[in-house]
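> Okay, handing you the structure first.
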Amino acid sequence: MQFNEYFIRGCSAIGAGLAVIAGIGPGIGQGIAAGYAANAVGRNPGAKSDITSTMLLGQAVAETTGLYGLLIAMLLLFVQPLGIDK
Amino acid sequence: MNFLCMESYLGSLWGELNGAGDVDFFIKGLVKLPFKFLGKDIYITTAHVCALIVMLLLIVFAIFANRAIKKASLTDTPGGFQNVVELIVEMLDNMINGTMGKNGKKFLNYIGTIFIFILISNISGLFGLRPPTAYYGVTLPLGLITFGMITYNKFKHQKVKGVIKGLCDPWPIWAPINIIGDIAVPVSLSLRLFANILSGTVMMTLIYTLLPVFVKIGIPSVLHIYFDLFAGAIQTYVFCMLTMTYVTDAIGDN
């Protein structure tokens, strides 16, 4: 069965939109990390710089999964690996 | 992988649809090399040129810093440039020794080098370059070097017996999962850096090309601070920090 180019391009756009839903998880995770960091600073204001650097490190690691979704979306949109003859 | 490598027709198509300029964050081939690799044309791309510019800047900086430090004597008060260089070295010293402890001395050169290189690469978007780290061909080797360092130090300090013991951690059945976990380290390290900087580049390009003119006054500067300076600095810190943590883990306690 032969699909035409516009069908594939439209499906790629839908797929890209679905892939970006991966951003929900890191959003929640980063929020939790920031909340606990604020909590920790409230208890121990002297350790603020240490807490901030630890929080940023953890958040950046948590961000990775969301970025995988973003990468998939960008592959679908701009590289278009699915069945279009150029 | 031809990933975001050659010019794509979709970028110009998108621009036409919106009546704005070209959406242009793709890497372009500048000079075609006279040979083929695996049946594909090889180009000298804008990514290479940007990486070379960054390296040239660092080399010039290193030469001047070397000269300033050699000229310095104990009795003089240090000048401005020497102060800056000492500040950078002290900051890197503190970061590396604070994370790696007594092992820090051996890795100071390498970690300091990649820290400065990645940092300058990430913020080079401010100066109109396409950041070299927004190209997977730059970040994957960095991740692979880290992987090599981890593996080498594991075999050096834990010996073959320790490595096998580490692979069969709870039970021998878990060995494949542990191997996958080891291989995921360079992949996730390189993809994290690459995707962060690429998303910043794409966002800035979209803002510059797709918005009407009156929105482009002042607003992009704030976004530049976030996407280029903040995200760039954080990702540099994260990359170096994770490299140091993994290597310290591989060395172990003894």
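The values are calculated or read from the model by the stated rules, or taken from the named source; none is laboratory data. Owing to the predicted nature of the structure, the values given are computational and were not obtained by experimental measurement. Note that each Cβ is placed from the backbone with ideal geometry, even for glycine, and that neighbours are counted across all protein chains shown.
> Output the helices (runs of 4 or more DSSP H) that fall wholly within segment B:40-133 and possess 1 or more residues being of a type in the set (K, R), or say none.
Here the list reads B:46-71, B:104-123.
> Follow-up. In the list B:I183, B:I173, B:I207, B:I219, which residue meets the criterion of being of a type in the set (V, I, T) and either farther than 30 Å from B:A233 by Cα or within 11 Å of chain A (Cβ to nearest Cβ) (or both)?
Answer to the check: B:I173.
> Go over the candidates B:V160, B:V138 one by one and state the one that is surrounded by 13 or more Cβ atoms within 10 Å (Cβ to Cβ) and out of contact with any strand residue (DSSP E or B) (no Cβ under 8 Å at 6 or more places or on another chain).
Just a single option satisfies the conditions, and that option is B:V138.
> Within the group B:F230, B:F214, which residue is hydrophobic (A, V, I, L, M, F, W, C), within 14 Å of another protein chain (Cβ to nearest Cβ), surrounded by fewer than 16 Cβ atoms within 10 Å (Cβ to Cβ) and out of contact with any helix residue (DSSP H, G or I) (no Cβ under 8 Å at 6 or more places or on another chain)?
Of B:F230, B:F214, the one residue that is hydrophobic (A, V, I, L, M, F, W, C), within 14 Å of another protein chain (Cβ to nearest Cβ), surrounded by fewer than 16 Cβ atoms within 10 Å (Cβ to Cβ) and out of contact with any helix residue (DSSP H, G or I) (no Cβ under 8 Å at 6 or more places or on another chain) is B:F230.
> May I pose another question? So which residues in segment B:38-81 are polar (S, T, N, Q) and within 22 Å of B:K105 (Cα to Cα)?
Passing the criteria: only B:N66.
> Given the options B:T113, B:T77, name the one that is among the polar types (S, T, N, Q), at pLDDT 90 or above and farther than 30 Å from B:D24 by Cβ.
Only one candidate passes the filter, namely B:T113.
> Name the single residue, out of those in segment B:16-43 being surrounded by 10 or more Cβ atoms within 10 Å (Cβ to Cβ), of a type in the set (G, A, S) and farther than 25 Å from B:F194 by Cα, that is modelled with the lowest pLDDT.
Applying the filter and picking the extreme gives B:A20.
> Mind telling me which of the residues A:I72, A:I24, A:I51, A:I8 ends up being within 11 Å of chain B (Cβ to nearest Cβ) and surrounded by 11 or more Cβ atoms within 10 Å (Cβ to Cβ)?
A:I72
> OK, next. One residue is enough: does segment B:244-252 have a residue meeting the conditions in a helix (DSSP H, G or I), closer than 30 Å to B:K106 by Cα and charged (D, E, K, R)?
yes
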